[in-house]
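Worksheet: one structure, shown below.
The values are calculated or read from the model by the stated rules, or taken from the named source; none is laboratory data. Computed from a prediction, not measured in an experiment: that's the story for all the values here. Using ideal geometry, Cβ is built from the backbone for each residue, glycine included, and neighbour counts are taken over all protein chains shown. Heads up: the accessible areas ignore ligands, DNA and RNA and are worked out on the full protein's heavy atoms, side chains in. Shrake-Rupley method; radii C 1.70, N 1.55, O 1.52, S 1.80 Å.
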Amino acid sequence: QVQLVESGGGLVQAGGSLRLSCKASGSILSINTMGWYRQAPGKQRELVATITSSSSTRYADSVKGRFAISRDGAKRTVYLQMNSLKPEDTAVYYCNAAAWTATLGEYWGQGTQVTVSS
């Protein structure tokens, strides 16, 4: 019913920047909170940043001041601008959305790899 497609991952040197995008499509009536999570090898998935429909944001302490989340409601797209990247930011980044179709559901993208070399 709802598909989330991420793009923008890749390999970057420490100190560099990347911008992730995630576009939602499907039988969507509206989208509440959208966000980004990440999972490094051998670790649990963790919250990176979220943004509500009224553009209130929340960040993990580890990325505050370096990452910025934004969204374009008309395009049903959420972005994650990542600056001053560190090797410890290396992970698969997943897009998440709470969206209304016939009911409210939580949806995940397939993930995009971000690798930061030292």
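Under the condition of being on the phi < 0 side of the Ramachandran plot and in a strand (DSSP E or B), which residue from segment 1-12 is most open to solvent (accessible area, probe 1.4 Å)?
LEU11
Test each condition in (1) within 24 Å of GLN1 (Cβ to Cβ); (2) over 11 Å from the mean Cα position of the chain (by Cα) for ARG58 and report the one that comes out false.
Only one criterion in (1) within 24 Å of GLN1 (Cβ to Cβ); (2) over 11 Å from the mean Cα position of the chain (by Cα) is unmet by ARG58, namely (1).
Collect the residues in segment 72-87 that are farther than 10 Å from MET34 by Cα and in contact (Cβ under 8 Å) with a residue 40 or more places away in the chain, keeping them in residue-number order.
GLY73, LYS75, LEU80, GLN81, MET82, ASN83, SER84, LEU85, LYS86, PRO87
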